[in-house]
1. Report whether or not G48 is in contact (Cβ under 8 Å) with a residue 12 or more places away in the chain and on the phi > 0 side of the Ramachandran plot.
2. Would you mention how many residues in the stretch 66-106 are small (G, A, S), within 18 Å of A42 (Cα to Cα) and surrounded by fewer than 17 Cβ atoms within 10 Å (Cβ to Cβ)?
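Laboratory data are not the source of any read-out in this text; all were calculated from the coordinates shown. Keep in mind the model is a prediction, meaning the values are calculated, not measured. Backbone-built Cβ (ideal geometry, glycine too); neighbour counts: all protein chains shown.
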Amino acid sequence: MKRFFRRAAAPVLGVLLFGGIAAKSLAEPSFSSEQVDLMAAACANCHGTDGRLVGSVPALAGRPAEVLEARLLAFKHEEQSDTTIMDRIAKGFTDEELAALAAHFAAIDPDGDDDSQAEQEPQE
């Protein structure tokens, strides 16, 4: 009887472990570009359209995603002392949303010109 349980337990444990790993990967959130754009719109108030504002508020566009994510998480978890409002804003996002925002702004060319594409398209 013990032998039967030992033989039966190995495949069952394997399925449970594999199923747990698969379920975790399925549970990881992914955001559509529209969702990220909507979340990023809140950043435009202070950081400018596409995070390209020049001035006392730091620009976000083109900065490394790892740096942005670490800074956003530090704001959220009150580990950053030089903050005005970012600690309160960051608390409104999940860690996954902050990572998505960091990746979004990192992918933007900081020197990009929004009107350049319109100039390149042929006029009808």
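1. Numbers: in contact (Cβ under 8 Å) with a residue 12 or more places away in the chain: no; on the phi > 0 side of the Ramachandran plot: yes.
No; evaluated as a whole, the condition is false for this residue.
2. The initial filter retains those residues of the stretch 66-106 that are small (G, A, S), namely 70, 74, 81, 90, 92, 99-100, 102-103, 106.
In the following step, the residues that additionally are within 18 Å of A42 (Cα to Cα) were identified as 90, 92, 99-100, 102-103, 106.
Narrowing the set further to residues that are surrounded by fewer than 17 Cβ atoms within 10 Å (Cβ to Cβ) leaves 92, 103.
The total comes to 2.
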